[in-house]
1. Cα atoms only: what Rg and Dmax, in Å, come out for the stretch 158-211?
2. Give me Phe245, Phe454, Phe183 ranked fewest to most by other Cβ atoms within 10 Å of their Cβ, as a rough exposure proxy.
3. Please give the per residue volume of the convex hull enclosing the alpha carbon atoms of the stretch 106-190, rounded to a whole number of Å³.
4. As a footprinting exposure proxy, order Cys129, Cys372 by other Cβ within 10 Å, with the fewest listed first.
5. Which whole-Hz couplings ³J(HN,Hα) result when phi for each residue of the stretch 222-230 is put into the Karplus expression 6.51 cos²θ - 1.76 cosθ + 1.60, θ = phi - 60°, listed in order with x for Gly and Pro?
6. Can you give the convex hull volume per residue for the Cα atoms of the stretch 348-500, as a whole number of Å³?
7. Let's test this: bin the Cα-Cα distances of the stretch 129-268 at 5 Å from zero up to the farthest pair and state each bin's percent.
8. Set the Förster radius R0 to 56 Å, insert the Cβ-Cβ distance between Arg239 and Gln297 as r into 1/(1 + (r/R0)^6), and round the FRET efficiency to 0.05.
Amino acid sequence: MHKKSVHSPCHPANSQPLGYFHRHGAIVVESAPVLAHLAPAPLKTRIAGNIITMSRGLAFQVLTPVILLLAGFLALLARLGASHYQQARAEALLRLKRLAAACAGVTIPRTPLVLEIMRDMSGAELVVCGPDGLPMADEAGLPLSTLPLAGPLPDTRAPANLDWPNRRWLASLVPLDRENRHFLAALVDRDPIDSAAREALLGTVVAGTAAGLPCLAMALWLASRMGGRLARLKRQTERIAQGDFAPIDIPSGTKELEDLGRAINAMAFRLRAHEDELRASERASLVGQLGAGVAHQVRNAATGARLAIQLHAKSAGEPIPEDLVVALRQLDLIELQSRQMMDLARPPRPDRKLVDPVGLVDDVVNLAGPKCRHAMITLDWQAPEKPSAPIVADAEALRMALLNIVMNAVEAAGPRGLVRVRLAPGESGSASFRVADNGQGPSPRLAGRLFQPFASTKREGIGLGLAVARRVARDHGGDVSWTREGDETVFTLTTKAPSP
């Protein structure tokens with residue numbers, strides 16, 4: 001079995017953070033605000049504007065049908081009142097027609113007593129008059145009329161409205177002989193007819209108003225209640241438009257408003273995610289542009305240092321002193337980290353070929369060994385008993401990703417800690433790398449965004465190692481995940497064979 005364990009007493013080394021400088025040398029630590037890039041201004045205010053319009057028009061939308069219904073109801077009542085009046089008038093006309101039919105061709109005694117009896121039967125005032133409209137008298141000189149008259153009657157042979165002398169009548173003249181020398185004037189008082197129509201109309205209007213006002217009041221209450229809820233939603237969506245993505249309170253009591261509140265919360269969650277992504281993208285772009293220049297200079301300096309050490313090692317003869325070997329490995333580590341910074345500013349160009357996973361882990365352990373010995377950390381690496389099949393991968397990128405995970409575990413384990421590295425060969429040229437440490441594990445505040453760029457609680461940390469490792473793993477068809485197993489934190493990097 002291949003086993004390598006590194007353990008030596010010494011104090012931990014403080015790693016130097018990579019600074020971001022502009023031309024005056026000031027450190028750049030903040031990215032520009034990104035909320036303005038989430039959406040155009042009209043799109044950001046459209047949601048609040050729609051709710052404002054909805055709130056303002058809600059009372060109109062709720063009250064309009066009720067008002068139209070009440071107006072239609074009152075119009076119906078008016079129609080019923082008019083119909084009642086017409087019916088009363090028609091009944092009066094019918095009485096006149098029946099009276100005319102009864103008098104036609106019949107000889108009626110022309111006495112005041114007979115007229116009074118006919119008045120009681122027909123409900124009409126009766127007057128016997130001549131062609132000139134003047135009332136006539138009987139043999140005793142008594143006027144043949146059931147009401148006192150002060151002048152001649154107008155000619156109303158067709159039923160018509162008559163204002164005479166100071167009263168309102170529905171009048172009709174009925175001839176009592178074929179020579180048209182004597183007429184019977186029938187006068188029906190219109191005031192009772194109009195009074196009955198007004199009373200009927202008033203009763204229906206009162207009944208309709210009594211039924212309609214509660215409906216109107218209820219509509220006003222509903223509109224006010226829903227308008228208040230929409231006004232609260234409007235204020236909360238205005239906060240979202242201003243960049244406050246905190247969840248809003250869900251209105252209760254109305255399913256539609258509850259659904260609207262949930263939709264707004266879902267929108268706010270997605271906007272927050274987009275903002276985080278854009279902020280991370282801006283920061284990554286900024287760091288990539290600045291870091292690429294710094295990494296280029298560091299890499300040139302490291303290359304010069306490497307040449308000097310190699311010349312010194314050549315002059316020292318064989319075997320090469322251990323301290324020179326350690327220095328060369330640390331220069332390799334600097335080169336990998338510089339390349340990692342340069343890759344942030346440009347898209348990766350994978351160079352995939354057959355790679356020995358055991359040799360890859362050996363290289364990573366050799367690079368991390370000096371720091372582990374300096375911090376008295378035990379780095380336990382045991383290769384599989386069975387030979388591991390080669391995998392198709394970008395060796396440099398995968399080595400950098402695995403080194404980031406191992407160095408993260410070394411820092412988490414702390415002085416006198418333990419880091420274990422294992423390799424589990426997969427099927428069809430895939431592999432699984434497990435790195436465990438006995439540190440305290442990620443804090444709850446960091447656990448949810450552990451793989452996001454610049455997510456770090458370390459004062460000297462940049463927060464790019466795990467994000468880069470996950471990107472590399474996913475470029476290789478796998479992923480990076482972590483879990484807490486007992487007292488250990490375990491990170492697993494997987495790769496899959498590319499599709500044919």
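1. Values for the stretch 158-211 (Cα only, Rg and Dmax): 17.6, 60 Å.
2. Going from least to most buried by this count: Phe454, Phe245, Phe183.
3. 93
4. Ranking Cys129, Cys372 by Cβ neighbours within 10 Å, fewest first, gives Cys129, Cys372.
5. Running phi through 6.51 cos²θ - 1.76 cosθ + 1.60 with θ = phi - 60° gives 5, 5, 5, 5, 5, x, x, 5, 5 Hz.
6. Here the figure is 114 Å³ per residue.
7. 2, 8, 11, 10, 7, 5, 4, 4, 4, 4, 4, 4, 4, 4, 5, 5, 5, 4, 3, 2, 1, 0
8. Numbers: r = 46 Å, r/R0 = 0.81.
Computed FRET efficiency for Arg239 and Gln297 comes out at 0.75.
Rule-based calculations on the coordinates, nothing more; no lab input. Everything numeric here is computed off the predicted structure, so don't read it as measured data. Quick reminder, even Gly has a Cβ in these numbers, built from the backbone with ideal geometry, and neighbours come from all protein chains shown.
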